[in-house]
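Novice: Questions regarding the structure given below will be posed in turn.
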Amino acid sequence: MTAAPPTDGVLVDRYGRVARDLRVSLTDKCNLRCTYCMPAEGLPWLAGPQLLTDDEIVRLVRLAVRHLGVTEVRFTGGEPLIRPGLVGIVAAVAALEPRPRISLTTNGLGLDRLAPALRAAGLDRVNVSLDTLDAARFARLTRRDRLADVLAGLAGAVAAGLSPVKINTVLMRGVNDDEAPALLRFALAHGYELRFIEQMPLDAQHGWDRSTMVTAAEILAALRTGFDLSPDPARRGAAPAETWLVDGGPALVGVIGSVTRPFCGDCDRTRLTADGQVRACLFATEESDLRGALRAGADDEELARRWRTAMWGKRAGHGIDDPAFLQPARPMSAIGG
Ligand code: SF4
């Protein structure tokens, strides 16, 4: 364990983990109402002045890429596609030297329309959330009848040349856990890379219940009823997903066992919220304000010092199994994946 936050260089924490992967939430708003994320009526959204402007976002990403060792930038939300300045933000980040790899996590609504412009702006790859292939079940899960639009978004991403195109799926017991093999068959047929994610205690209603979470072991068992899975020889590194070769490969399937198979020891993520707060961890209960300092005229050195100090204090892990575990006040929809 190192003694004090570094005064220059990369974003290192007291356990020696270096954050290279910056997740930027561009908005807390969303055009779906997934039952495991937020109530039907939505949430009290962040007010306009609280949100970082496009220029402020680009300035902070530039700082992270040029002075803090960030090499990956992922745009998230809420739903990032509803941010009016998204294409311009992607283009500005793609123009940075050194150029980071740029990705996006989206629910797919409108992706068919926006994918060509995002690709031209410099977006490299995309993850689309999809929890079912059944239109009626989709409408129940998201409270919107928009499955066809998500499927069009996936196809549009491939057509625009984004690669890889990944699918993020959350399985819930008795809701959609019967669809694991079908979702994998669908992904294989279309060349999408499928990742199953264990449901995490990050919902706005604080209703997460471990007993309804489908574990990584259960997901693998369900997939093995239809496929032969063998360990992926490729090095995992800091990647959240454990990956398996499907029927000997080269197709892969991934499982992100955040709860039952945590990967915090290799975590390389740092997060910036839409209202300019640094979160050292998805499950952090503290945040560090960059927006206030930025608007008060802080220079890049001061912003970098604050960011390094915020990451230095990162906890060893999410602590979900600790009896003292506290779910963060900020919901997933305002943190981003
Ligand atoms: S829970 Fe926190 S420390 Fe663990 S992998 Fe996720 S962001 Fe990293």
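The values are calculated or read from the model by the stated rules, or taken from the named source; none is laboratory data. Here the structure is a predicted model, which is why all the values come from computation and not from measurement. When we count neighbours, we look across all protein chains shown, and the Cβ atoms used for this are built from the backbone with ideal geometry, even at glycine. These area figures cover heavy atoms from the full protein model, side chains too; ligands, DNA and RNA do not enter into them. Shrake-Rupley method; radii C 1.70, N 1.55, O 1.52, S 1.80 Å.
Novice: Can you tell me how many residues within the range 35-68 are touching a strand residue (DSSP E or B) at 6+ places or on another chain (Cβ under 6 Å) and of a type in the set (Gly, Ala, Ser)?
Specialist: Here the count works out to 1.
Novice: Would you point out which residue out of Asp149, Asp145, Asp131 is closer than 24 Å to Arg33 by Cα and not in a loop (DSSP other than H, G, I, E, B)?
Specialist: Asp149
Novice: Another question about this same structure. State whether the residues of the range 170-184 include one that is away from the ligand (no atom under 16 Å from the Cβ), of a type in the set (Asp, Glu) and under 19 Å from the mean Cα position of the chain (by Cα).
Specialist: No, because not a single residue in the range 170-184 is away from the ligand (no atom under 16 Å from the Cβ), of a type in the set (Asp, Glu) and under 19 Å from the mean Cα position of the chain (by Cα).
Novice: Let me ask something else. Can you report the number of residues in the range 190-232 which are assigned to a helix (DSSP H, G or I) and modelled with pLDDT under 95?
Specialist: Of the residues in the range 190-232, 3 are assigned to a helix (DSSP H, G or I) and modelled with pLDDT under 95.
Novice: Only one of (1) open to solvent by 20 Å² or more (accessible area, probe 1.4 Å); (2) touching a helix residue (DSSP H, G or I) at 6+ places or on another chain (Cβ under 6 Å); (3) outside any loop (DSSP other than H, G, I, E, B); (4) not hydrophobic (A, V, I, L, M, F, W, C) is not met by Gly156, so which one is it?
Specialist: Exception for Gly156: condition (1).
Novice: Could you please let me know if Ala187 is out of contact with any Phe, Trp or Tyr (no Cβ under 8 Å at 6 or more places or on another chain) and open to solvent by 20 Å² or more (accessible area, probe 1.4 Å)?
Specialist: So Ala187 fails the test.
Novice: May I pose another question? Take the range 36-89 and flag every residue that is open to solvent by less than 30 Å² (accessible area, probe 1.4 Å) and aromatic (Phe, Trp, Tyr).
Specialist: Listed by number, the list holds a single entry, Phe75.
Novice: How many residues are surrounded by 14 or more Cβ atoms within 10 Å (Cβ to Cβ) and closer than 19 Å to Cys37 by Cβ if we restrict to the range 190-232?
Specialist: 14
Novice: Name the residues in the range 281-297 that are more than 14 Å from the ligand (Cβ to nearest atom) and either on the phi > 0 side of the Ramachandran plot or touching a Pro at 6+ places or on another chain (Cβ under 7 Å) (or both), would you?
Specialist: Gly297
Novice: Within 14 Å of the ligand (Cβ to nearest atom), open to solvent by less than 20 Å² (accessible area, probe 1.4 Å), touching a strand residue (DSSP E or B) at 6+ places or on another chain (Cβ under 8 Å) and of a type in the set (A, V, I, L, M): which single residue out of Val253, Val246, Val278 fits that description?
Specialist: Within the list Val253, Val246, Val278, the selection yields Val278.
Novice: Filter the range 219-245 down to the residues that are in contact (Cβ under 8 Å) with a residue 40 or more places away in the chain, farther than 17 Å from Asn168 by Cα and within 24 Å of the chain's Cα centre (by Cα) and list them by number.
Specialist: Passing the criteria: only Ala238.
Novice: Is it fair to say Arg99 is open to solvent by 40 Å² or more (accessible area, probe 1.4 Å), out of contact with any helix residue (DSSP H, G or I) (no Cβ under 8 Å at 6 or more places or on another chain), basic (Lys, Arg) and at pLDDT 95 or above?
Specialist: In short, yes.
Novice: Output yes when any residue across the range 300-312 is open to solvent by 50 Å² or more (accessible area, probe 1.4 Å), at negative phi, away from the ligand (no atom under 16 Å from the Cβ) and of a type in the set (A, V, I, L, M), and no when none is.
Specialist: No, every residue in the range 300-312 fails to be open to solvent by 50 Å² or more (accessible area, probe 1.4 Å), at negative phi, away from the ligand (no atom under 16 Å from the Cβ) and of a type in the set (A, V, I, L, M).
Novice: Counting only residues that are free of Cβ contacts under 8 Å to residues at least 60 places away in the same chain and not in a helix (DSSP H, G or I), which one in the range 294-320 is farthest from Asp54 (Cα to Cα)?
Specialist: For the range 294-320, the residue satisfying everything is Gly319.
Novice: Sort out for me the strands (runs of 3 or more DSSP E) sitting completely within the range 1-119 that have 3 or more residues that are within 23 Å of Lys314 (Cα to Cα).
Specialist: 21-25, 72-76
Novice: What are the pairs with Cβ atoms under 7 angstrom where one residue, in the range 1-21, is in contact (Cβ under 8 Å) with a residue 24 or more places away in the chain and the other, located anywhere, is of a type in the set (Asp, Glu)? Sequence gap at least six, or different chains.
Specialist: Filtered contacts from the range 1-21: Arg17/Asp268; Val18/Asp268; Ala19/Asp268; Arg20/Glu72; Arg20/Asp268; Asp21/Glu72; Asp21/Asp268.
Novice: Among the residues of the range 256-274, write down those that are away from the ligand (no atom under 12 Å from the Cβ) and either crowded, with 20+ Cβ neighbours inside 10 Å or not in a loop (DSSP other than H, G, I, E, B) (or both).
Specialist: Those that are away from the ligand (no atom under 12 Å from the Cβ) and either crowded, with 20+ Cβ neighbours inside 10 Å or not in a loop (DSSP other than H, G, I, E, B) (or both): Leu272, Thr273, Ala274.
Novice: For the range 321-337, what are the residues that are open to solvent by 30 Å² or more (accessible area, probe 1.4 Å), in a loop (DSSP other than H, G, I, E, B) and not small (Gly, Ala, Ser)?
Specialist: Residues satisfying the conditions are Asp321, Asp322, Pro323, Phe325, Leu326, Gln327, Arg330.
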